[in-house]
Amino acid sequence: MQQIFQNILTNAVQAMRGKGKLIINSQAINGFIEIGIRDTGPGIPPEFLYKIFDPFFTTKEQGKGTGLGLNIVHRLVQKYGGSIEVDSTPGEGSEFTIRFPVETVSNA
């Protein structure tokens with residue numbers, strides 16, 4: 001699970017370029033642990049949202065990213081029986097919501 005959070009947090013910090021806020025919250029809901037990670041970066045353009053978990057897709061300039069971070073996150077979240085969603089507004093930031101079954105979290 002460390003890899004999941006490390007990749008999302010690294011992307012958020014890089015997107016904000018040293019300026020902005022990173023907000024993390026969690027709660028238990030109906031047998032799931034829900035973790036929200038929100039940043040005040042530039043956001044993700046709507047035309048890219050459906051591709052962000054694809055391998056080798058990146059919005060970073062050439063040579064600055066491999067496009068594997070969010071793909072790895074997506075695969076690991078699924079491996080643990082969870083789900084991940086993203087909500088993003090250009091100019092305002094992005095929020096990733098990750099849900100894991102409580103049993104998965106307590107056994108990880």
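Considering only residues of region 37-57 that are aromatic (Phe, Trp, Tyr) and at negative phi, which is surrounded by the most Cβ atoms within 10 Å (Cβ to Cβ)?
So the residue we want is Phe53.
Would you pick out the residues in region 1-24 that are among the β-branched types (Val, Ile, Thr) and either surrounded by 19 or more Cβ atoms within 10 Å (Cβ to Cβ) or part of a loop (DSSP other than H, G, I, E, B) (or both)?
Ile4, Ile8
Look at Leu70 and say whether it is surrounded by 15 or more Cβ atoms within 10 Å (Cβ to Cβ) and either modelled with pLDDT of 90 or more or among the charged types (D, E, K, R) (or both).
yes
Checking the conditions here, which among Gln78, Gln27, Gln62 is outside any helix (DSSP H, G or I) and modelled with pLDDT of 95 or more?
Gln27
The values are calculated or read from the model by the stated rules, or taken from the named source; none is laboratory data. Note that the structure is predicted; figures quoted are calculated from it, not measured. Positions of Cβ are generated from backbone atoms using ideal geometry, with glycine treated the same way; all protein chains shown enter the neighbour counts.
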